[in-house]
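> I have a structure here, written as structure tokens, and I will follow up with some questions on it.
The values are calculated or read from the model by the stated rules, or taken from the named source; none is laboratory data. In this text, all values refer to a predicted model and were calculated from it rather than measured experimentally. Cβ: placed from backbone, ideal geometry, glycine included. Neighbour counts: every protein chain shown. Note: accessible area is taken over every heavy atom of the protein model, side chains too, but ligands, DNA and RNA are not part of it. Shrake-Rupley method; radii C 1.70, N 1.55, O 1.52, S 1.80 Å.
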Amino acid sequence: MTALITSVMGNTDKVVEYIRDCANMNIKVLKPDINKSFSKFSVEGQNIRFGLCAVKNVGENVVNDIVMERNLNGPFKDFVDFCKRIKSKDLNKRVIESLIKCGAFDSISPNRAQLLAGFEKIINSIVEDRKKNLFGQMSLFDTTNENENLYSLPNVLEFKEKDKLFLEKEVLGMYISGHPLAEYEKELMINTSINTSIISSENLDYDQMKKLENKEIVIGGILINKTIKPTKNNDMMAFVEIEDLYGVIEVIIFPSIFKKYMNLIKEDNILYVKGKLSIKEDENPKLIASEFKEVVKISDTSIYLRVDSISNKELIKTIKDTLKKYKGNSEVYLYFTDLKKAFKSEEIMVDINENLIYELQKILGRENVKAKNKSLKDI
């Protein structure tokens, strides 16, 4: 698998595809590391280590210099040690910035925000010192702690995990150390009706996919690759992709929908999209959007259960017994079809999790169990 990924290293889409295959085979792809990565993807135990030449702006010559220096004089101790030891003419600020963003220095200097804020000052100081040494000059600070201060990093808080992942994707074309949707996995499981793996052309043949034509679905993920185009009437429509934890689907947004949800339809927003599937032969499925909602954390969510009648005492007792097994901080609402009214339970609050949802769906049916907050009630 390592050789296969390396063979398509210049094609980010193919690399992403093969890395997803690795995940399906329980093979972990490790992020780039300045002390462990080589130019190409390499085997590391039972895992695969990301190749440095697959990082945007990082060329083979500078990687070869890094690996040679590492082999001759041992691992780099910290970021300053790296900058002092690598004298390659191909090592420039763009290369270092990309290596920081992808997390290649995390094992020796873990604060990426700190490195991005201070690396230029450190590089400039090292370059000046080299010039002085070249001309036989001694710095007045060579024997004091002042010189070390030139190499110190600013006191900056680390990026949030989501921001670190976006930086990784900027220079790698993919998320490696995590996924921005990981913290929303529970929400997506509860509030979506389908994911991209279910409607993948790899898992369904055309006849199976054709049965999904015009089927209304709710999918959730991160919005990427937005393109806005004018129609013949000079109205604006959009084409975006929604990436969930399993893959990507193209979403077509016609003018009326785009105008209505323009404030939400922004790259990197995490959204639910409701719409109908469009299936055409020799094309990947597309989603014709009708509605967008922001994904919110489960802690802000209540659970809504639809029951046919308030007089169905046996069913209500079964529901309550199930709810009591999952005590937590989320409110429970029972909507009675015969009364056309919802009532909040005053005695039971629950922890909304996969097991609770599964048990309630077995009792009431999937369509009668929803976890929502106010912004999701209509989805």
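> Between Ala3 and Arg20, what is the spin-label point distance in nm, taking each point 7 Å from the Cα along the Cα→C-beta axis?
The modelled label-to-label distance comes out at 2.5 nm.
> Same structure, new question: Looking at the square roots a ≥ b ≥ c of the eigenvalues of the Cα gyration tensor of the range 160-253, which shape do they give, rounded for a/c under 1.5, prolate if a/b is larger than b/c, or oblate? Write out the running numbers ahead of the final one.
Values: a/c = 1.92, a/b = 1.17, b/c = 1.65.
Taking the square roots of the gyration eigenvalues as a ≥ b ≥ c, the range 160-253 is oblate.
> Under 8 Å for C-alpha pairs, at least 6 residues apart: give me the relative contact order for the range 323-371, rounded to a whole percent. Display every interim value, and only then the final one.
Values: 53 pairs, mean separation 17.3, N = 49.
The normalised contact order for the range 323-371 reaches 35 percent.
> Between rounded, prolate and oblate, where does the range 1-69 land on the alpha carbon gyration tensor, with a ≥ b ≥ c its root eigenvalues, rounded for a/c under 1.5, else prolate if a/b exceeds b/c?
Details: a/c = 2.48, a/b = 1.47, b/c = 1.69.
Because a/c hits 1.5 or more and a/b fails to exceed b/c, the range 1-69 counts as oblate.
> Which value, in debye to the nearest 20, describes the size of the charge dipole of the range 221-379 about its Cα centre when Lys and Arg Cβ atoms bear +1, Asp and Glu Cβ atoms bear -1, and nothing else is charged? Don't skip to the end; give the middle numbers.
Numbers: 28 positive and 25 negative charges, 124 e Å.
Value, rounded to 20: 600 debye.
> With n ≥ 4 as the cut-off for DSSP H runs, can you work out [θ] at 222 nm for the chain, using -39500 (n - 2.57) per run divided by the number of residues, rounded to the nearest 500? List each step's numbers first, then the result.
On the way: 13 runs with 130 residues, N = 379.
The helix-only estimate for the chain comes to -10000 deg cm²/dmol at 222 nm.
> Please report how far the C-alpha centroid of the range 258-286 lies from that of the range 65-100, rounded to the nearest whole angstrom.
43 Å
> Here's something else I'd like to know. What is the magnitude of the charge dipole of the chain about its Cα centre, with +1 placed on the Cβ of each Lys and Arg, -1 on the Cβ of each Asp and Glu, and no other charges, expressed in debye to the nearest 20? All intermediate terms of the calculation are to be shown ahead of the outcome.
Numbers: 58 positive and 57 negative charges, 123 e Å.
With Lys and Arg at +1 and Asp and Glu at -1, about 600 debye.
> Expected output is a single nm value to one decimal: the length gained when fully extending between Asn368 and Lys327, i.e. 0.36 nm times separation in residues minus the C-alpha distance. What is it? Before the final figure, lay out each step's value.
On the way: separation 41, 0.36 × 41 = 14.76 nm, distance 2.04 nm.
The span from Asn368 to Lys327 would gain 12.7 nm if fully extended.
> State, as an integer percentage, the relative contact order of the chain based on alpha-carbon contacts under 8 Å between residues 6 or more apart. Please list the in-between numbers first.
Working: 610 pairs, mean separation 37.6, N = 379.
Answer for the chain is 10 percent.
> Same structure, new question: Can you figure out the FRET efficiency of Lys56 with Ser193, using R₀ = 51 Å and their beta-carbon distance, to the nearest 0.05?
Values: r = 36 Å, r/R0 = 0.71.
Calculated transfer efficiency: 0.90.
> Mean-square fluctuation check for the chain, GNM, Cα pairs under 10 Å: which of Ile228, Ile249, Ile265 is largest?
Ile228
> Using Cα pairs closer than 8 Å and at least 6 residues apart in sequence, work out the relative contact order for the range 142-283, in percent. Walk me through the numbers before you get to the answer.
Values: 177 pairs, mean separation 31.6, N = 142.
Over the range 142-283, the number comes to 22 percent.
> Whole number in Å², please: accessible area per residue of the range 148-280, 1.4 Å probe, ligands, DNA and RNA not counted. Could you put the intermediate results ahead of the total?
Values: 7110 Å² over 133 residues.
That works out to 53 Å² for each residue.
> While we're here: Suppose we look only past 30 Å in the calculated P(r) of the chain. What percent of the Cα-Cα pairs does that tail hold?
Details: 39509 of 71631 pairs.
It works out to 55 percent of all Cα pairs.
> Same structure, new question: Farthest toward the dipole's positive end in the range 163-238, which of Ser200, Val171, Leu212, given Cβ charges of +1 (Lys, Arg) and -1 (Asp, Glu) about the Cα centre?
Value: Leu212.
> Farthest toward the dipole's positive end in the range 260-337, which of Thr322, Ser311, Ile270, given Cβ charges of +1 (Lys, Arg) and -1 (Asp, Glu) about the Cα centre?
Farthest along the dipole direction, towards plus: Ser311.
> From the cross-link list Lys276/Lys341; Lys56/Lys77; Lys40/Lys297; Lys215/Lys362; Lys93/Lys226; Lys164/Lys344, which pairs have alpha carbons spaced over 32 Å apart?
On the way: Lys276/Lys341 29 Å; Lys56/Lys77 24 Å; Lys40/Lys297 39 Å; Lys215/Lys362 23 Å; Lys93/Lys226 29 Å; Lys164/Lys344 40 Å.
Table pairs above 32 Å Cα-Cα are Lys40/Lys297; Lys164/Lys344.
> Along the charge dipole of the chain, Cβ charges K/R +1 and D/E -1, which of Thr337, Ala3, Cys53 sits furthest on the positive end?
The one lying farthest along the dipole's positive direction is Thr337.
> Identify which of Glu168, Glu128, Glu213 has the largest mean-square fluctuation in a Gaussian network model of the chain, with springs joining Cα atoms closer than 10 Å.
Largest GNM mean-square fluctuation: Glu128.
> Can you list residues from other chains, or at least 5 along the same chain, whose modelled amide H is less than 5 Å from the amide H of Gly328?
The list, which skips near neighbours in sequence, is Met349, Val350, Asp351.
> Please identify, among Leu315, Leu52, Leu153, the residue showing maximal mean-square fluctuation in a Gaussian network model of the chain using a 10 angstrom Cα cutoff.
Fluctuation is largest for Leu315.
> Counting only protein heavy atoms and using a 1.4 Å probe, what share of the accessible area of the chain belongs to carbon plus sulfur, as a whole percent?
Details: 10120 of 20980 Å².
For the chain, the apolar C and S fraction of the accessible surface comes to 48 percent.
> What is the dipole size for the range 1-141, taken about its Cα centre, with +1 at each Lys and Arg Cβ and -1 at each Asp and Glu Cβ, in debye to the nearest 20?
On the way: 22 positive and 16 negative charges, 51 e Å.
Computed charge dipole of the range 1-141: roughly 240 debye.
> Specify whether the C-alpha gyration tensor of the range 39-86 places it in the rounded, prolate or oblate class, a ≥ b ≥ c being the square roots of the eigenvalues: rounded for a/c under 1.5, otherwise prolate if a/b is larger than b/c and oblate if not.
Working: a/c = 2.00, a/b = 1.36, b/c = 1.47.
Oblate shape, in that a/c is at least 1.5 and b/c is the bigger or equal ratio.
> To continue, here is another question. Quick check: Cα centre of the range 1-37 to Cα centre of the range 158-207, how many Å?
Going from one Cα centre to the other spans 16 Å.
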